[in-house]
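Enquirer: What follows is a single structure, and I will ask about it in a moment.
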Amino acid sequence: MPLNDTVKRVTDRVIERSATSRRRYLDRMAAAKSQGPARAHLSCSGQAHAFAAAGEDQSRLAEVSAGNLGIVTAYNDMLSAHQPFERYPTLIRDAVRAAGGTAQVAGGVPAMCDGVTQGEAGMELSLFSRDVIALAAGVALSHNTFDAAVYLGVCDKIVPGLIIAAQSFGHMPAVFLPAGPMTSGLSNDEKAKVRQRYAAGEATREELLASEMAAYHGPGTCTFYGTANTNQMLMEFMGLHLPGSSFVNPNTPLRDALTVEGAQRALSLSALGNHYTPVANVLDEKAYVNGIVGLNATGGSTNLLIHLIAMARAGGVILDWEDFAELSEVTPLLARVYPNGLADVNHFHAAGGLGYMIGELLGAGLLHDDTQTVAGEGLEHYTQEPKLIDGALTWTPGAGESLNDKIVRPASDPFQPTGGLSRLAGNLGTAVMKVSAVAPEHRCVEAPARVFHDQDAVKAAFKAGAFAEGDVVIVVRFQGPKANGMPELHSLTPMLGILQGRGQKVALVTDGRMSGASGKVPAAIHVCPEALDGGPIGRIADGDIVRVDGDTGALEVLTTGALDRPLATADLSDNQWGVGRDMFHAFRNTVGSANTGATVFGDF
């Protein structure tokens, strides 16, 4: 199937826009590669320090000719998604030794859980943690003693941060090793209903806690299709996972076999092997376009509209929201996974999953099939699924058809003809909306504004009955990266759902973020410029008529003279300290806007 004209046009535009920065990046990676294995150039004292604790691997490390694999891990046992990584270093070391190489844990990176910090002060560190993770991974690899690296990370900011760092060391191969989703517990739909009942005062806190613990009940990624699982999808669409490995449950024989194979594959792709595949060659313009198509086709997390831009810039690739919007217009929505449907990621995987979807999108000419991947050249590898046959890991052709058309559908009969994301623009600036989970009749709201400067004030107004009747556009400003780190406002979701359930038309407009599991209420998020940066959102007042339209892409205030008012101000002093926020003053002062990735790194 020939490549879709829009996909080709957007790709060509990205290549042209990125020409200077991409060439500069590739020249740096070529220079790094030309220096050869750095540990060969270390002083004897330096080598002794690097190998001192390596035990039986010391002699191989000293030989230099044996490949050395660096492990960068986001392990902690507070995150269910990352707890399985505790066992990985041992599996990886044994696997690499069997292949004649060595492996060392290069370092650890922090990994926070947005589920724990939702609605709490710690959420104001969440977005910044991505760049901290990139910095920490850079420190881990700065010893420059590795020929390849594996990255152990799953959740929201962890994978994007690790990708940024991997590209800084882009002359080396990189393989990402996932942990997989937890097994299915209480359905996400049932959990959401209890949350709404609690927000309405109809369920006790004990009932709420029992519901949440029945949903989040074991090791592995949360099973809804939020940012963490969107990350896993991207790693397959962009060629950094082994095919079919994203949604294999933790602590199973197949999961362990994939971990072993991934470690050995990473070392085989180094400059010491016969199939040198540096990550700089994998993550090119075509790979990022494939990732955006995957994001749209699956109805993935809105957070990736920030992260993908930041990730791409680290490799000299310049993306903008217009690229996402144009690709969304030609990408059919092929999946219904909660919050876009009732199924969880385990059901999605069983119904054909990513392998089936990649095959459908390739067949429709919507993906570049000639990209480099850790599985070899060509995205066709990712239509296969891994199996253990007589104890041996092998790949077989994936599902040639959907095994449940309520969860995944062919490109010829999609859930909707366009993707799950919409770019909004108007006199309030630019924003994005996840439309895949919003019913068509709810996508356009034109109503009076109620303006707040934090989510706690919104909740207090709701409890006081301020939204008891009438349509409303709730505006929550001073939530951008410069103001307070751009926290997710997901804890507003149950309240907004109640208003919509009463028959009221309701929308959210904010320069902050919603969760990657944003649901059925239309939300214009990531508004740029943000209020603290002089954005028009800072001029709206209560009662102004605001129009939010996910179908036409309109984001505007209709009240005459509204934008002639002085900018509002907010007391942000409470956002400057506590729970570590005082240490992130430099981040708030230097961070870029959401539409350029909300990163502190600037241009690489």
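Enquirer: Taking θ = phi - 60°, what integer Hz values does the Karplus form 6.51 cos²θ - 1.76 cosθ + 1.60 yield along the range 269-283, in sequence order, with x for Gly and Pro?
Expert: For the range 269-283, the Karplus curve yields 8, 6, 5, 7, x, 9, 10, 4, 9, x, 5, 4, 7, 7, 8 Hz.
Enquirer: Also, quick follow-up: Taking neighbour Cβ counts within 10 Å as the exposure measure, how do LYS33, LYS191 sort from fewest upward?
Expert: Ordered by Cβ neighbours within 10 Å, fewest first: LYS33, LYS191.
Enquirer: Still on this model: From the Cα gyration tensor of the range 1-127, with a ≥ b ≥ c the square roots of its eigenvalues, which class applies: rounded if a/c is under 1.5, or else prolate if a/b is larger than b/c, or else oblate?
Expert: Oblate is the answer for the range 1-127, as a/c is 1.5 or above yet b/c matches or exceeds a/b.
Enquirer: Measure nothing but the geometry: give the 0 to 90° angle between the long axis through the Cα atoms of 227-237 and the longest principal axis through the Cα atoms of the chain, rounded to 10°.
Expert: Approximately 50 degrees, to the nearest ten.
Enquirer: Here is a follow-up. What does the charge count near ALA507 come to, summing +1 for each Lys or Arg and -1 for each Asp or Glu among other residues with Cβ under 12 Å from its Cβ?
Expert: Once all neighbours under 12 Å are counted, the net charge is +2.
Enquirer: Here's something else I'd like to know. Would you calculate the separation in nanometres between label points at ASP542 and ALA52, each defined as 7 Å from the Cα along the Cα-to-beta-carbon direction?
Expert: 6.5
Enquirer: Among SER45, SER402, SER515, SER184, what is the fewest-to-most ranking by other Cβ atoms within 10 Å?
Expert: Least crowded to most crowded, the residues run SER45, SER184, SER402, SER515.
Enquirer: Another question, if that's okay. Could you check the simple spin-label distance between GLU190 and ARG97, using points 7 Å along Cα→Cβ, in nm with one decimal?
Expert: It works out to 4.5 nm between the two label points.
Enquirer: If contacts are Cα pairs under 8 angstrom and at least 6 residues apart, what is the relative contact order of the range 421-573 in percent?
Expert: Once normalised by length, the contact order is 32 percent.
Enquirer: Two decimals is fine: what's Rg over Rh for the chain, C-alpha atoms, Kirkwood radius as Rh?
Expert: Ratio of gyration radius to Kirkwood radius for the chain: 0.97.
Enquirer: Within the range 572-603, whose backbone N sits under 17 Å from a point 7 Å along Cα→Cβ of ALA460?
Expert: 572-575
Enquirer: Same structure again: Return the loop-located GluC sites (Glu not before Pro) in the range 432-494 (DSSP other than H, G, I, E, B) with at most 16 other Cβ atoms within 10 Å of their own Cβ; answer none if there are none.
Expert: GLU469
Enquirer: Here is a follow-up. Expressed as an acute angle from 0 to 90° and rounded to the nearest 10, what is the orientation of the C-alpha long axis of helix 205-215 relative to the principal long axis of the chain?
Expert: On a 0 to 90 degree scale, this one is about 40.
Enquirer: Also, quick follow-up: How far, in nm, would the chain grow between LEU208 and ASP413 when pulled straight, counting 0.36 nm per residue and subtracting the alpha carbon separation?
Expert: 70.0 nm
Enquirer: Quick one: which residues, 5+ away or cross-chain, put their amide H under 5 Å from the amide H of LEU421? H built at 1.01 Å from N.
Expert: HN-HN under 5 Å from LEU421: VAL435.
Enquirer: Work out how far the C-alpha atoms of the range 421-573 reach from end to end along every principal axis, then list the three figures in whole Å, largest first.
Expert: Reported extents, whole Å, longest axis first: 35, 33, 30.
Enquirer: Could you list log10 I(q)/I(0) for the range 375-423 at q = 0.15, 0.16, 0.26 Å⁻¹, which the Debye formula gives when each Cα is one point scatterer?
Expert: -0.63, -0.69, -1.01
Enquirer: Further question on the same structure: What whole number of Å gives the distance from the Cα centroid of the range 33-87 to the Cα centroid of the range 146-163?
Expert: One Cα centre to the other: 16 Å.
Enquirer: Let me ask something else. Note down the relative contact order for the chain as a percent, whole number, built from C-alpha pairs under 8 angstrom at least six residues apart.
Expert: 15
Enquirer: While we're here: Cα axis of helix 126-141 to longest principal axis of the chain: angle in degrees, 0 to 90, nearest 10?
Expert: 10
Enquirer: So for the pair GLU401, THR569, with labels modelled 7 Å out along Cα→Cβ, what separation do we get in nm?
Expert: Going from the GLU401 label point to the THR569 one covers 6.8 nm.
Enquirer: Okay, moving on. Using only DSSP helix segments of four residues or longer, with each worth -39500 (n - 2.57), what per-residue ellipticity at 222 nm results for the chain after dividing by its residue count and rounding to 500?
Expert: Computed ellipticity for the chain at 222 nm equals -10500 deg cm²/dmol.
Enquirer: A further question follows. How charged is the neighbourhood of ASP370? Take every other residue with its Cβ under 10 Å from the Cβ of ASP370, and add Lys/Arg as +1 and Asp/Glu as -1.
Expert: Neighbour charge sum, excluding ASP370 itself: -2.
Enquirer: Can I ask one more? Explain nothing, just compute: Karplus ³J(HN,Hα) = 6.51 cos²θ - 1.76 cosθ + 1.60, θ = phi - 60°, for every residue of the range 15-28 in order, whole Hz, x for Gly and Pro.
Expert: Karplus-based 3J(HN,Hα) across the range 15-28 equals 4, 5, 5, 9, 3, 5, 5, 5, 5, 4, 5, 5, 5, 5 Hz.
Enquirer: If each residue's Cβ is checked for other Cβ atoms within 10 Å, how do LYS387, LYS434 rank with the fewest at the top?
Expert: Listed from fewest to most nearby Cβ atoms, that is LYS387, LYS434.
Enquirer: What length, rounded to one decimal in nm, is gained on full extension from ASP390 through to MET1, with 0.36 nm per residue of separation minus their alpha-carbon distance?
Expert: Stretched out fully, the ASP390 to MET1 stretch lengthens by 136.4 nm.
Where a number appears in this text, it was derived from the coordinates with a stated rule and is not lab data. All of these numbers come straight from a predicted model, not from anything done at the bench. Note that we place each Cβ from the backbone using ideal geometry, even for glycine, and neighbour counts take in every protein chain shown.
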